[in-house]
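Read the structure below first, then the notes.
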Amino acid sequence: MGADGTGAGSTITPHQWVELLHGVDLAPIPIERGAPVQVAMFRFPWMPQRVVLPAMESHYVSFTLAGRLIIERELRGPLERCAFRPGMSLIIPAGEENAWRWNRGTDELHLYVSRSWLAETADAAGLEVPLVLPRFGFEDRMLHALTAALLDERRSGGLGGPLFTSSVADTVALRLLRDHCSVDRRPPTVALAPARLRRVRALVDERLGSQLTVEEMAEAAGLSRAHFTRCFHAATGHTPYGYVRDRRLARARELLQGSAHSIAEVAVLTGFHSQSHLGRVFRATTGVTPGEYRRRMAG
């Protein structure tokens, strides 16, 4: 290995890494090229002989789903050995050569995080470049649940839309930064300039009925995604996803009160994927269904 702890050779993708371990895909979904966070589920056979693998290009987190087994791992230091049971996890930082052996088959949920994107998220949170910790044999139920939610979203065809996926991915990154990285805080962030904020708000209002990504909002502000997210939160107190959701709900309330549109039509006009989707979000926010809200306003 190099002096910085990274592998001396070139890195491989997580799926190439899985192939070297003869993993069987349990939840086939298309690979999202360039996605900052990816998820997968694999079944691995018994690995009685020590196998040495190249470094991965992404940070890797696994969650044991089935099988109680003994895993032996070698990264930058001496051999580690741990009894894994369902719910337990391990982390391999990007760029680390790794060696393995385990005593029986296992099913694993995988999370792959782009190292450049994790650094961008740290910057957006006012942190310096993070150092991911090579953890082994621990539990993080929240990170596990977030990863499972991302996999469910991908398998359902992305019904939550890119803003939902981006929001969960951001939360995954922040969880990693808080609990599984060594990182220092930077000086406070300056809020988004008024002219830039007006352009973003105008774009959101113009696109309430269609899909809108954080990248498009950042482009309207003339900033990188990481810089925009940080400055937008400093200016509004909201994440981009939370702001768009609130604007859509506000527009939905206006249409329910002052138009003859059906609730299904209101859902389409305000960027929700269906009437039931609008209903779930509306009730979670206001405590009543769209129909109940319309009747109260009419009375």
Residue 271 vs. criteria within 22 Å of the chain's Cα centre (by Cα), small (Gly, Ala, Ser), assigned by TED's automatic domain parsing to the domain that holds residue 201 and buried (at least 18 other Cβ atoms within 10 Å of the Cβ): yes
Filtered residues of the range 216-249 (kept if loosely packed, with under 14 Cβ neighbours inside 10 Å and either touching a Ser or Thr at 6+ places or on another chain (Cβ under 6 Å) or without any contact (Cβ under 8 Å) to a residue 12 or more places away in the chain (or both)): 237
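Can you list the helices (runs of 4 or more DSSP H) lying wholly within the range 187-266 that have 3 or more residues being over 28 Å from residue 289 (Cβ atoms)?
194-206, 214-221, 225-236
With a cut-off of at least 1 residues that are of a type outside the set (S, T, N, Q) and under 18 Å from residue 116 (Cα atoms), name the strands (runs of 3 or more DSSP E) lying wholly within the range 1-101. Full working, then the answer.
Numbers: elements: 37-44, 47-53, 58-66, 69-74, 80-84, 89-92.
Fully inside the range 1-101 and qualifying: 37-44, 58-66, 89-92.
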Of residues in the range 200-213 being aliphatic (A, V, I, L, M) and out of contact with any Lys or Arg (no Cβ under 6 Å at 6 or more places or on another chain), the one surrounded by the most Cβ atoms within 10 Å (Cβ to Cβ): 200
Conditions (1) in contact with a helix residue (DSSP H, G or I) (Cβ under 9 Å, 6 or more places away or on another chain); (2) at pLDDT 95 or above; (3) not aromatic (Phe, Trp, Tyr); number of the one not met by residue 73: (1)
Residue in the range 276-289 that is free of Cβ contacts under 8 Å to residues at least 40 places away in the same chain, assigned to a loop (DSSP other than H, G, I, E, B) and under 22 Å from the mean Cα position of the chain (by Cα) present: no
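The values are calculated or read from the model by the stated rules, or taken from the named source; none is laboratory data. Please read these numbers as outputs of a predicted model, since none were measured by experiment. Please note: Cβ atoms are built from the backbone with ideal geometry, for glycine as well, and neighbour counts cover all protein chains shown.
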